[in-house]
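The values are calculated or read from the model by the stated rules, or taken from the named source; none is laboratory data. Being a predicted model, the structure only gives us computed values, none of them experimental. Every residue, glycine as well, gets a Cβ built from its backbone with ideal geometry; the counts of neighbours run over all protein chains shown. Quick note on the areas: whole protein, heavy atoms, side chains included, nothing else; ligands and nucleic acids left out. Shrake-Rupley method; radii C 1.70, N 1.55, O 1.52, S 1.80 Å.
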Amino acid sequence: MTMDRAYKNIRKRKYTEDFLQYGFTSIITAGIEKPQCVICCEVLSAESMKPNKLKRHFDSKHPTFAGKNIDYFRNKADGLKKSRFDTGSQYHKHNVAAVEASYLVALRIARAMKPHTIAEDLLLPAAKDIVRVMIGNEYVQKLNAISLSNDTVHRRIKDMSADILDQVIHEIKSAPLPIFSIQLDESTDVANCAQLLVYVRYINDSDFKDEFLFCKPLETTTTARDVFDAVGSFLKAYNISWEKVCGVCTDGAPAMLGCRSGFQRLVQNESPKAIGTHCMIHRQILATRTLPQDLQEVMKSIITCVNFVKSSALNSRVFCQLCNELDAPNNALLFHTEVRWLSRGKVLRRDFELRHELKTFFSQKVRPQFETLFSDKTELQKIAYLVDIFAILNDLNLSLQGPNATCLDLSEKIRSFQMKLQLWKNKLDANKIYMFPTLAASFEEHEIEPDKKMMMITSVKEHLHMLADEISSYFPNLPDTPFALARSPFTVKVEDVPETVQEEFIDLINNDAAKTDFSTMPLTKFWIKCLQLYPILSETVLRLLLPFPTTYLCEIGFSRLMVIKSKYRSRLVMENDFRCALAKTAPRISELVNKKQPQPSH
């Protein structure tokens, strides 16, 4: 009964404005009003809500403030209330910062393609160590407010992935020309799950933007219909019509390029104006596989030699030691893999550089058939030519790679290569081989009989002829007029332009400002800028430029996939991590933070 009466007395004690003369304001804690010193911020008990006790605190701890007037203490009280923890000011800001920090860390984890547990296991402890040593132990406790558990990082990545996708969908729908192209490919991950990877290209911020769209597993079969349904379900979920698709780029698999039921045919049934393209890099690789019989035999022998050395750990160590003793430029051979675009040229270059070491090695191993390959002058000349031609083909392959390319850009490179092949054949007719420097050096190094030299030149011409035929087969000529209109509109005749755009075309070629823009701006930006004045003409050209020429981005994506979904994370549902790692669009972290309840548990 006595305690209840004391509690009621405490509840009756109220703060009055007179207490400011002693430097005290009030604070409510657990429903009880208590006095708080505006100078040292100390909170006294509710029982101290009496003038004598407040004055005792003021006189004993803050005697130097005795001469201050009440307005000074009132200003101090106002400042205290603004920054007080219980009003949500500093506390709110502190935890908002902690949430933002957790998002930033999660984004770095996703972009580095690391496991979610690395934040709690490594990053946060490391950050605490750094703060403790560099700043001071008293600041370490602030880092405890940052939640970086496995589940939290997973949620953060999921939030950012959804935000990135929302931005991409909004940009696609709000593009000045509401069409887009896609490139897609399917591959199997470490868990034997078929993953469909799709990239999109659309107009954004006065230029083309290539962006990651989605990655979905194909649960059972991977037919054209399965791929079509997966893409269609995604487009339907975001209210995007198939008719907006202006281009589709895939590899050459029958499921993709089948003339009746392939994926591209299914897309064109829904969007008749869509342009289907077969990845130019894949076509270039297919076109360069054909070799004359004698060169094919040399290539097979080279691969057999490499496998003999690399398949045995002992042979690899012995060969490495031999190269070191002979001061060779390298001490290891390279494997050839068909699916790696550049491996053949690199293997040939490395073997030719180590030809003397390989000859010595096979002599020690008593392998006369391999030793002959690196000692016979005729065989060495064939290897030298293969080194040169595959170096050229690798350079062409590299020039076809990279983002932001258009079909027009890469077609010009293929056409240039075709013309070079014809030029080289003409030079070989005149017995000139300067375009193959390794072969030319081999001719100078060894005294070659004229008849054997002619045999080698004949073999080279045969290969160049086969190569030219294969390139022409895989790369039929593009229609000149539409691409000429895109590349150099001011040199095209009016009668060569489609009738539907002739009037706009006449307006364009008589616009001096447009001529200036064309000479100073990138091609894609110029035609996007023309959309407002010449909408039909610009759309005609942009429908040619928007389609992807290669599946380069998908190939790069699958390389990242093998890192993200490794054997240690084989059950990971990875689309969100994939999007955060690959997307160019940055997540709007500040908006995501504002939507979160600022508590350490969130």
Counted residues, the range 301-326 - those being more than 35 Å from the chain's Cα centre (by Cα), more than 15 Å from Lys359 (Cα to Cα) and outside any helix (DSSP H, G or I)
1
Looking at this structure, is His336 surrounded by 14 or more Cβ atoms within 10 Å (Cβ to Cβ), at pLDDT below 85 and not aromatic (Phe, Trp, Tyr)?
yes
Can you confirm whether the range 475-497 contains a residue that is of a type in the set (D, E, K, R), loosely packed, with under 14 Cβ neighbours inside 10 Å and in contact (Cβ under 8 Å) with a residue 12 or more places away in the chain?
yes
Applying the selection to the range 435-460, what residues are more than 40 Å from the chain's Cα centre (by Cα) and open to solvent by 60 Å² or more (accessible area, probe 1.4 Å)?
Glu444, Glu445, Glu447, Glu449, Pro450, Asp451, Lys452, Lys453, Met454, Met455, Thr458
What number of residues within the range 34-71 are open to solvent by less than 50 Å² (accessible area, probe 1.4 Å) and not in a helix (DSSP H, G or I)?
8
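Considering each of Arg156, Arg108 in turn, give the residue that is open to solvent by 60 Å² or more (accessible area, probe 1.4 Å) and basic (Lys, Arg).
Exactly one residue qualifies, and that residue is Arg108.
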I'd like to know if the range 158-169 contains one or more residues that are over 21 Å from Thr551 (Cβ atoms), of a type in the set (A, V, I, L, M) and over 22 Å from the mean Cα position of the chain (by Cα).
no
Could you list all residues from the range 413-434 that are part of a helix (DSSP H, G or I) and open to solvent by 70 Å² or more (accessible area, probe 1.4 Å)?
Lys413, Arg415, Met419, Lys420, Gln422, Leu423, Asn426, Asp429
Every residue from the range 508-537 that is over 27 Å from Arg201 (Cβ atoms) and either among the β-branched types (Val, Ile, Thr) or surrounded by 13 or more Cβ atoms within 10 Å (Cβ to Cβ) (or both)
Ile509, Asn511, Lys515, Thr516
Checking the condition polar (S, T, N, Q), open to solvent by 20 Å² or more (accessible area, probe 1.4 Å) and touching a helix residue (DSSP H, G or I) at 6+ places or on another chain (Cβ under 7 Å), which residue from Thr540, Thr585, Thr550 passes?
Thr540
Let me confirm something: among Phe443, Phe370, which residue is in contact with a Cys (Cβ under 8 Å, 6 or more places away or on another chain) and in contact (Cβ under 8 Å) with a residue 24 or more places away in the chain?
Phe370
Among (1) in a strand (DSSP E or B); (2) open to solvent by 10 Å² or more (accessible area, probe 1.4 Å); (3) farther than 30 Å from Tyr568 by Cβ - the single one Pro217 does not satisfy
(3)
As an exercise: evaluate Gly247 against (1) more than 25 Å from the chain's Cα centre (by Cα); (2) farther than 17 Å from Ser473 by Cα; (3) of a type outside the set (D, E, K, R) and give the number of the one condition it does not meet.
(1)
Just checking, does the range 399-412 include any residue being among the hydrophobic types (A, V, I, L, M, F, W, C), surrounded by 14 or more Cβ atoms within 10 Å (Cβ to Cβ) and under 15 Å from Leu467 (Cα atoms)?
no
